[in-house]
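One structure below.
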């Protein structure tokens, strides 16, 4: 039976046109379009937030769903469905695979998803469960990636069908691309970036903020190499340096192995860390294949004792008569216990795929972060200005509320009431509408006080935000302080050990930028440096040189911070790792130090009076002022700003001396121009908060100023050094005297003290004074060494002439 044709004939007016297209041109165009899509929409991360589109969409959608760390987990299938339906027009398998990777602590140095359930195992030996079984929510660090995204900090673009808006990039409060790395294969290019340590990367970023011209060698002091989530030993520092310089390089990753007595009769190799992305089953399988093929000798048994409680533990028993070290060398050579990692830092910058070195990666991120913070500040300032506009209008109405009510009652409708209020009070339409919408119960005297407080607070906040927007230095300082807080809160110790090409360890787990104890020294000439060891001090005795007087010294750690107290009452933070390192031994001065002005910004006439540790356990600072005020203060910890005020000074007053108390049992010593010395216990001064102005320290006569303030350990051998002035009648200048400290009795706080030097003819006041423990060194103008006078046991004796003037006295540590 014939089949009837159902094909509809063309219309009479149908104009049929057939285009001849060269198949080569069609293939080229289609392939370029496909390549463009893969490069920009799937395979390569953005250098700003370090995310591919699928990861960015997952994090944004989880944020939009409210899956914060404090909320309950939800099924991963729900997240995948939302992402696929709204933002990512691809298969659910690709989305779930990306979500799983962000939850694996062995894949991400800082996981972005908090997973609940089976999310797989190292090397994919145990694949993750299906998304209908697993649950997820955001981690606290993932919240940093999307923080302030609702404050116009990044651009948005339409999704694949134009029904939704999605961010082009995330605000990214930390350098995610370096911290978590990335891998992907595009068309004609690929990226493979290893993870790094969060603390180290932020330290390098902060240094680059402060020193935009820093070279690669300086940045590598902070980021010496990758820090893999699975630990291991990284071999081949030259390859890392190539990767940081040109964006391409290769290094090897070795397993962490220890030789142990695994049975009463046998030694064995215990593997606790494997190369990145290598699982224990892959290693066990390879070892067994080599043993069966008789390519590997001396192995008795291999046991995988890995579990979730104790982590990776692979025990390789060695037969008696074989050296475990020789077996280990064979394992490194023949098995995945040593793998190569080829670095290829390809990322999108302004839509262009580029190969970037370490400094370029940091700079692209910082430029993005500066723009995010700038836009955030502008958004917040605009909101506060709008609110201030309404508050000011409401306050105008409250001043004459009876007239407002009269105008409203006399008006025929709301429009007439609005026009009347605008004409009578000169308000804007927005202010007028807000007044009309405000309930009468808000217009009380108490609410007026609240509105005035809100107005003052808004004005202050607007001024602070304006300062950030108008000052590049303030913007950089804010970004640096935010990075510091993230590092303090989420930083973890280094896991991967760095080794040279031969495998010799050159950097241990926390020691590439070692956080070893040290001592920070400040010389009389303003040079600052750190020692290699806290017990190492300047060598005493021998020939004196220019920079051998230590004006202040504090204990610290290399990767920590110390505080510098200024004469105006400011406490400035100083990063210890930036300071030059003195040689380990054989030095007697700070000539290798650097001027403190290179690290801190001081106003004209402002000077550093002492250094202090930034430790919560410290008894605090003791400060003395020119007008006789004393104060003990323990600054707020942890510090979140680079600058704090530690005392409120009276007009015309300044700090003349300060010291960090070690025990709180020290004696505080004031010495005045009139040669009056007051010694009292630090316990008589109660600690106060930072804004406090202190309390009376020494009683002063009219027009008399304090010359010196120090803290002295009463159990140490100490002296008091005073130098009188000369009115020109003495050929040698004013007399100097050095008196044992125990000659001066303790007195009560706020008293006048006792005399410490008797003036001769031509002397009317003290030019210099100091009290402290021995050994002591003196220096004159420019830090030139000066000799101290011989000790005089007389408390009220006169001085002897000096061969060279004294301007500062310090110690050797």
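The values are calculated or read from the model by the stated rules, or taken from the named source; none is laboratory data. Because the structure is predicted, anything quoted here is derived from the model rather than measured. Cβ: placed from backbone, ideal geometry, glycine included. Neighbour counts: every protein chain shown.
Answer with yes or no whether residue 175 is closer than 19 Å to residue 489 by Cα, crowded, with 24+ Cβ neighbours inside 10 Å and in contact (Cβ under 8 Å) with a residue 60 or more places away in the chain. Before the answer, list the steps.
Values: closer than 19 Å to residue 489 by Cα: yes; crowded, with 24+ Cβ neighbours inside 10 Å: yes; in contact (Cβ under 8 Å) with a residue 60 or more places away in the chain: yes.
Yes.
Can you tell me which of 615, 588 is without any contact (Cβ under 8 Å) to a residue 40 or more places away in the chain, out of contact with any strand residue (DSSP E or B) (no Cβ under 8 Å at 6 or more places or on another chain), under 28 Å from residue 775 (Cα atoms) and not in a strand (DSSP E or B)?
Exactly one of 615, 588 is without any contact (Cβ under 8 Å) to a residue 40 or more places away in the chain, out of contact with any strand residue (DSSP E or B) (no Cβ under 8 Å at 6 or more places or on another chain), under 28 Å from residue 775 (Cα atoms) and not in a strand (DSSP E or B), namely 615.
Could you check how many residues of region 681-716 are closer than 19 Å to residue 650 by Cβ and in a loop (DSSP other than H, G, I, E, B)?
Total meeting the criteria: 16.
For (1) surrounded by fewer than 18 Cβ atoms within 10 Å (Cβ to Cβ); (2) touching a helix residue (DSSP H, G or I) at 6+ places or on another chain (Cβ under 9 Å); (3) outside any helix (DSSP H, G or I), each residue gets a yes or a no:
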| residue | (1), (2), (3) |
| --- | --- |
| 382 | yes, no, no |
| 385 | yes, yes, no |
| 389 | yes, yes, no |
| 394 | no, yes, no |
| 402 | yes, no, no |
| 405 | yes, yes, no |
| 416 | yes, yes, no |
| 419 | yes, yes, no |
| 422 | yes, yes, no |
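Restricting the search to region 646-658, which residues are within 11 Å of residue 566 (Cβ to Cβ) and either without any contact (Cβ under 8 Å) to a residue 12 or more places away in the chain or touching a strand residue (DSSP E or B) at 6+ places or on another chain (Cβ under 6 Å) (or both)?
Answer for region 646-658, where residues must be within 11 Å of residue 566 (Cβ to Cβ) and either without any contact (Cβ under 8 Å) to a residue 12 or more places away in the chain or touching a strand residue (DSSP E or B) at 6+ places or on another chain (Cβ under 6 Å) (or both): 646, 647, 655, 658.
Report, by residue number, each residue of region 118-135 that is touching a strand residue (DSSP E or B) at 6+ places or on another chain (Cβ under 9 Å) and part of a loop (DSSP other than H, G, I, E, B).
119, 128, 131, 132, 133, 134
Test residue 714 against the criterion of being more than 20 Å from residue 622 (Cα to Cα) and either within 46 Å of the chain's Cα centre (by Cα) or modelled with pLDDT of 90 or more (or both), and give yes or no.
No.
For region 288-319, enumerate the residues that are within 30 Å of residue 190 (Cβ to Cβ) and either exposed (fewer than 12 other Cβ atoms within 10 Å of the Cβ) or touching a helix residue (DSSP H, G or I) at 6+ places or on another chain (Cβ under 8 Å) (or both).
312
For region 360-374, give me each residue that is crowded, with 20+ Cβ neighbours inside 10 Å and over 19 Å from residue 167 (Cα atoms).
Matches in region 360-374: 361, 362.
What's the number of the condition residue 345 fails, among (1) under 36 Å from the mean Cα position of the chain (by Cα); (2) farther than 13 Å from residue 269 by Cα; (3) surrounded by fewer than 19 Cβ atoms within 10 Å (Cβ to Cβ); (4) at pLDDT 90 or above?
All conditions are met except number (3).
Quick one: which strands (runs of 3 or more DSSP E) sit completely within region 170-252 and have at least 3 residues that are within 28 Å of residue 372 (Cα to Cα)?
182-185, 190-193
Name the residues in region 774-787 that are touching a residue at least 60 places away in the same chain (Cβ under 8 Å) and either out of contact with any strand residue (DSSP E or B) (no Cβ under 8 Å at 6 or more places or on another chain) or surrounded by 16 or more Cβ atoms within 10 Å (Cβ to Cβ) (or both), would you?
Result: 777, 778, 779, 782, 783, 784, 785.
Yes or no: region 320-333 includes at least one residue that is crowded, with 17+ Cβ neighbours inside 10 Å, on the phi < 0 side of the Ramachandran plot, touching a residue at least 24 places away in the same chain (Cβ under 8 Å) and outside any helix (DSSP H, G or I).
No, region 320-333 contains no residue that is crowded, with 17+ Cβ neighbours inside 10 Å, on the phi < 0 side of the Ramachandran plot, touching a residue at least 24 places away in the same chain (Cβ under 8 Å) and outside any helix (DSSP H, G or I).
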